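Here is the structure we will look at, set down as structure tokens.
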Amino acid sequence: MLLGILSDPHANLPALEAVLADVEGVRPDVLICLGDFVGYGAQPNEVVEALRDRCAVALVGNHDLAALGSVDISDFNRHAAMAALWTRDQLTHRTRSFLEGLEPRGVIEGLELDHASPRDPVWEYVLDTSIADANFSARDFEVALVGHTHVPAVFWRKENRTMGFAPNSEEGIDLPDGRLILNPGAIGQPRDEDPRASWATWDPRDRRFTVRRIEYPIALAQRAIRAAGLPGALADRLAQGW
Ligand code: ZN
């Protein structure tokens, strides 16, 4: 079974459309979405509409919860908070009820799914090996798929050793035996200085994790952000991949 892993589309419809066109070519057996459908970008309802019937499992992310008004956004930076409040006003009843029905943690075929991390599925960023290590210790899972950082990553643990690396080979990586935390990166707002949209596939049979980077018309997403009156910095950062 080839699993397609989507995360953090963040209301960026041009990026999502480019990724979905690539998904059509790759034809994973199952698609999952690890959350943050909305926030930052200007097309929240369109993005939810494009994904709602495609994903076998969909999670809610911290930005979705912020747009629903169900988490405190005082920890958000100013631009993220402005985008959350803007999004709150844009959500249709249909989008809102879809997001309200989601959880930040899920499971599929024995895989753990978390928006953020296994020990804190809403907020924690698994950005380095010490945080990954703490997560391997805190919860009992073999393979966990996470999003939230917007940076593709592999964390691998065998016996008492945890290693982490950036999976930038589009050939895919065959991972040896051991426990894993895998992150596909972000569709709608990559933060590894590569502005291309990111998604990934995982094949549990040969333990192959493949990150795919997709060019998309960034100017279209930027124009939509500016036209919506959202902070211009949210448009600028898309071109920088940060
Ligand atoms: Zn996010």
Of the listed residues (Ile218, Ile187, Ile214, Ile225), the one being within 16 Å of the ligand (Cβ to nearest atom), within 20 Å of the chain's Cα centre (by Cα) and over 18 Å from Asp114 (Cα atoms) is Ile225
List, please: which pairs have Cβ atoms under 7 Å, are six or more places apart or on different chains, and start with a residue in the stretch 103-125 that is under 20 Å from Ser137 (Cβ atoms) and outside any loop (DSSP other than H, G, I, E, B) and end with one that is of a type in the set (Phe, Trp, Tyr) and open to solvent by less than 20 Å² (accessible area, probe 1.4 Å)? Glu112/Phe141
Out of all the residues in the stretch 190-199, which are open to solvent by 40 Å² or more (accessible area, probe 1.4 Å) and away from the ligand (no atom under 14 Å from the Cβ)? Glu193, Arg196
Go through the stretch 84-102 and report how many residues are of a type in the set (Ser, Thr, Tyr) and open to solvent by 30 Å² or more (accessible area, probe 1.4 Å). 2
For the stretch 137-178, please list each of the strands (runs of 3 or more DSSP E) lying entirely inside it that holds at least 2 residues being at pLDDT 90 or above and within 16 Å of the ligand (Cβ to nearest atom). 143-146
For a quick check of your reading of the model, give me the residue pairs whose first member lies in the stretch 149-160 and is farther than 25 Å from Gly241 by Cα, whose second is of a type in the set (A, V, I, L, M, F, W, C) and surrounded by 19 or more Cβ atoms within 10 Å (Cβ to Cβ), with beta-carbon atoms closer than 9 Å and at least 6 apart or on different chains. Trp156/Ala132; Trp156/Leu180; Trp156/Ile181; Arg157/Ala132; Arg157/Phe136; Arg157/Leu180; Arg157/Ile181
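Matching residues to (1) closer than 20 Å to Gly35 by Cα; (2) open to solvent by less than 60 Å² (accessible area, probe 1.4 Å); (3) not hydroxyl-bearing (Ser, Thr, Tyr):
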{"residue": "Asp128", "(1), (2), (3)": "no, no, yes"}
{"residue": "Ala132", "(1), (2), (3)": "yes, yes, yes"}
{"residue": "Asn135", "(1), (2), (3)": "yes, yes, yes"}
{"residue": "Val143", "(1), (2), (3)": "yes, yes, yes"}
{"residue": "Val154", "(1), (2), (3)": "yes, yes, yes"}
{"residue": "Arg157", "(1), (2), (3)": "no, yes, yes"}
{"residue": "Thr162", "(1), (2), (3)": "no, yes, no"}
{"residue": "Ala166", "(1), (2), (3)": "no, no, yes"}
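Taking the stated definitions as given, is Val23 at pLDDT 95 or above and within 26 Å of Arg223 (Cα to Cα)?
Here the answer is yes, as Val23 does meet what is asked.
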Could you please let me know if Val122 is crowded, with 18+ Cβ neighbours inside 10 Å, β-branched (Val, Ile, Thr) and closer than 22 Å to Pro9 by Cβ? yes
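The values are calculated or read from the model by the stated rules, or taken from the named source; none is laboratory data. Being a predicted model, the structure only gives us computed values, none of them experimental. Positions of Cβ are backbone-derived with ideal geometry, glycine not excepted, and every protein chain shown enters the neighbour counts. These area figures cover heavy atoms from the full protein model, side chains too; ligands, DNA and RNA do not enter into them. Shrake-Rupley method; radii C 1.70, N 1.55, O 1.52, S 1.80 Å.
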